[in-house]
1. Taking the range 56-71 as the region of interest, how many residues are surrounded by 14 or more Cβ atoms within 10 Å (Cβ to Cβ) and part of a loop (DSSP other than H, G, I, E, B)?
2. Of everything in the range 72-85 that's in contact (Cβ under 8 Å) with a residue 60 or more places away in the chain and over 16 Å from GLU6 (Cβ atoms), which residue is surrounded by the most Cβ atoms within 10 Å (Cβ to Cβ)?
3. Examine the range 98-115 for a residue that is touching a helix residue (DSSP H, G or I) at 6+ places or on another chain (Cβ under 7 Å), under 15 Å from ARG38 (Cβ atoms) and either among the hydrophobic types (A, V, I, L, M, F, W, C) or open to solvent by 80 Å² or more (accessible area, probe 1.4 Å) (or both), and state whether such a residue exists.
4. For the range 19-46, how many residues are over 18 Å from ILE68 (Cα atoms), assigned to a strand (DSSP E or B) and open to solvent by less than 20 Å² (accessible area, probe 1.4 Å)?
5. Of everything in the range 1-13, what is surrounded by fewer than 17 Cβ atoms within 10 Å (Cβ to Cβ), closer than 14 Å to TRP105 by Cβ and among the hydrophobic types (A, V, I, L, M, F, W, C)? Give them in sequence order.
6. Condition check: closer than 23 Å to PRO3 by Cα and at pLDDT 95 or above. Does ALA91 satisfy that?
7. Could you check the range 48-66 and list, in sequence order, the residues that are out of contact with any Ser or Thr (no Cβ under 8 Å at 6 or more places or on another chain), in contact (Cβ under 8 Å) with a residue 24 or more places away in the chain and not hydroxyl-bearing (Ser, Thr, Tyr)?
8. Hey, could you check the range 87-97 for residues that are out of contact with any Gly (no Cβ under 8 Å at 6 or more places or on another chain) and outside any helix (DSSP H, G or I) and say which is most open to solvent (accessible area, probe 1.4 Å)?
Amino acid sequence: QVPLVESGGALVQPGGSLRLSCVATSDIFKRERMGWYRQILGKQRELVASITTDGRTEYEDSAQGRFIISRDIKKNTVDLQMNNLKPDDTAVYLCNVNPPWGGSWGMGTQVTVSS
């Protein structure tokens, strides 16, 4: 069973918005700080945003002010609201614990920002 399942990616025009969702299949994730990461082709995977169990958030500089990470502990989900999307946001987006657990990576969800 895949521990983390991402969804919500799509093709969107610059300036548009998307909401990504991550569903965790194990309760162990409810006790961990979670993060959204992105994998841009040819670059290292990077952390975009993170959220603690009590709701404290942190953002990578380019995401600050545009992205909002949230979580529902009961539903065991972590969402990423992305606004004012730019072509540079094009990537596969994945969720995981922060710092990440190597064995917990899912397939991710593709976000493409293009006109």
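1. 3
2. LEU85
3. Taking the range 98-115 as the starting set, the residues that turn out to be touching a helix residue (DSSP H, G or I) at 6+ places or on another chain (Cβ under 7 Å) are 111, 113-114.
Adding the requirement that they be under 15 Å from ARG38 (Cβ atoms) leaves 111, 113.
When the remaining residues are screened for being either among the hydrophobic types (A, V, I, L, M, F, W, C) or open to solvent by 80 Å² or more (accessible area, probe 1.4 Å) (or both), the result is 111, 113.
Within the range 98-115 (the criterion being touching a helix residue (DSSP H, G or I) at 6+ places or on another chain (Cβ under 7 Å), under 15 Å from ARG38 (Cβ atoms) and either among the hydrophobic types (A, V, I, L, M, F, W, C) or open to solvent by 80 Å² or more (accessible area, probe 1.4 Å) (or both)), the answer is yes, since at least one residue qualifies.
4. Qualifying residue count for the region: 1.
5. VAL2
6. Yes, satisfied.
7. The answer is VAL48, and nothing else.
8. Selected residue: THR90.
The values are calculated or read from the model by the stated rules, or taken from the named source; none is laboratory data. Worth saying up front: this structure is predicted, and the values here are computed from it rather than measured. Cβ coordinates were reconstructed from backbone atoms using ideal geometry, including for glycine residues, and neighbour counts include every protein chain displayed. Heavy atoms of the whole protein, side chains included, go into the accessibility calculation; ligands, DNA and RNA do not. Shrake-Rupley method; radii C 1.70, N 1.55, O 1.52, S 1.80 Å.
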